[in-house]
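What follows is calculated from the coordinates using simple rules that are stated; it is not laboratory data. Since the structure is predicted, the reported quantities are computational estimates derived from the model, not experimental observations. A quick note on method: Cβ atoms are made from the backbone with ideal geometry, for glycine too, and the neighbour counts reach across all protein chains shown.
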Amino acid sequence: MEITEIRKDIPMLDEIIYMDAASTTPTPKPVVEAMCDYYYNYNANIGRGAYRTAVKAGNEFEKARSKVARFINSKPEEIIFTKNTTEAINLVAHGLDFKKDDSVVVSNIEHHSNFLPWLNLKKRGVNLKVIKADKYGVVDAGDFENAIDDTTKLVALTHVSNAIGSVQPVYEVGEITEEKNVLYLVDAAQSAGHMKLDVKKLKSDFTAFPGHKGLLGPVGTGFLCCHAGSMDKLQPENLGGGTVFDVTEKDFKLEEGHARFEGGTQNIAGVIGLGTAVDYINRIGLEKIEKHSRELTSLMFDEVSKVENTTVYGNPEDIYGIVAFNINGANPHDVAKILDELRRICVRSGHHCAIPAIRHTGAYELGGSVRASIHCYNTKEEVQILGETLKEVSQFFGA
Ligand SMILES: Cc1ncc(COP(=O)(O)O)c(C=O)c1O
């Protein structure tokens, strides 16, 4: 599929320059249509009804599970659907049997969703060891190796930083955690759908995914992939309909596998839409997406760097899909608002739900940074318009 075809499927791109893929992505028409098809033609609950419409809904839901599993080289039985990445990570933080004096190793460039659930374990006597990234926002796998000791229960690391765009050595850390026999969680929020991702090669026990970002699925979708028996290490918290095999007045027996974690009525339309989104990404081709995104990221870094009086974060060699910057002396929210006012360019501004990471870049006192993030539907022309518009904006602030 060519960019022009993709853009036809996303009508809002005729009106705006959307550069906020790191927050959420627009939903292409075939994904919306798959959800409409469910609502119009077989809107029934899953796993409960014997009638054909309910069976069809259940089958379509499970087809989506198979599609997302295949996409990341996993198996359907390893996938737990959630409403987003945050819920997937919390499922692990709440579900593992942490004991007093256990420790978790994490980095300082995480999104809050892969930091707070671990920090919160302090209440249970769990210690957090925080590995500091280098000045470009990249961690050293060796620092993780050194931090792991007898108390370490889990290592958690993001694949791509949402604040800087820096790509982390998740595969190297996977080798280390495997050798040291500690659990490993990868936050794939900024890489899934943007680049090839193979959970077997990652060697992670848990990988948390959004459906609504790089995969181009609907909001309200995400999933946790638990491999090689790691699901059995989790206790579900959200008990109720769908999670239980048998109940007496005194006791209950949970379902086996992912069903025990998917309590209550699921986001059926959303998950079916997510399955279609995976088909859509496959139609475009991940290799093509990756090549396009690398070229565009590099162009965007150059365009923004050319703007006078501007600080750009990260190293162009290390970043992917995201360029974070500040116009010196300007509040990032003002810059974002002006970009919108002048050319309808949609970028994120502020702390990007990653305050430790923003502190690390030195941008905390500046109110954070401006962040432009792209995907397969963005064009070179759009990136050039961003660069040109930023030159105008920087004039307002006295460059
Ligand atoms: C790296 C990272 N992790 C986790 C999240 C949380 O994702 P979600 O909104 O799907 O819960 C985000 C969101 O931007 C993110 O960028």
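Please report the spacing between the Cα centers of segment 284-354 and segment 96-144 in Å, no decimals. Computed from Cα coordinates, the inter-centre distance equals 27 Å.
By the rule of a C-alpha distance below 20 Å, with chain neighbours fewer than 8 residues away ignored, the aspartates and glutamates paired with Lys29 are Glu2, Glu5, Asp9, Asp14, Glu15, Asp20, Asp37, Glu60, Asp279. Within the shell of other residues whose beta carbon sits under 12 angstrom from the beta carbon of Asp150, the net charge comes to -1, with Lys and Arg scored +1 and Asp and Glu -1. Other residues within the sphere of radius under 15 Å centred on the Cβ of Lys337, judged by their own Cβ, net out at -1 (K and R +1, D and E -1).
In terms of other Cβ atoms within 10 Å, Asp302, Asp187, Asp205 run from fewest to most in the order Asp302, Asp205, Asp187. Here is what passes the span test in the chain: the DSSP H helices with alpha carbon length of 18 Å or more along the helix axis and a Kyte-Doolittle mean of 0.5 or above are 268-284.
For the chain, how big is the tail of P(r) above 28 Å, as a whole percent of Cα pairs? Value for the chain (Cα pairs over 28 Å): 48 percent. Looking at the chain, the DSSP beta bridges with both ends there are about 55 percent antiparallel.
Beta bridges assigned by DSSP with both partners in segment 141-226 are antiparallel in approximately 40 percent of cases. Taking each of Lys132/Lys288; Lys129/Lys200; Lys132/Lys201; Lys75/Lys153; Lys135/Lys203; Lys122/Lys337 in turn, the alpha-carbon distance tops 29 angstrom for Lys132/Lys288; Lys122/Lys337.
What is the sum of charges around Ile3, taking Lys and Arg as +1, Asp and Glu as -1, for the other residues whose C-beta is under 14 Å from the C-beta of Ile3? Within the 14 Å Cβ shell, the charges total -1.
Loop-located trypsin sites (Lys or Arg not before Pro) in segment 331-399 (DSSP state other than H, G, I, E, B) with a sparse environment of at most 14 neighbouring Cβ atoms within 10 Å: Arg344. Sorted fewest first by neighbouring Cβ atoms within 10 angstrom, Ile10, Ile164, Ile46 come out as Ile10, Ile46, Ile164.
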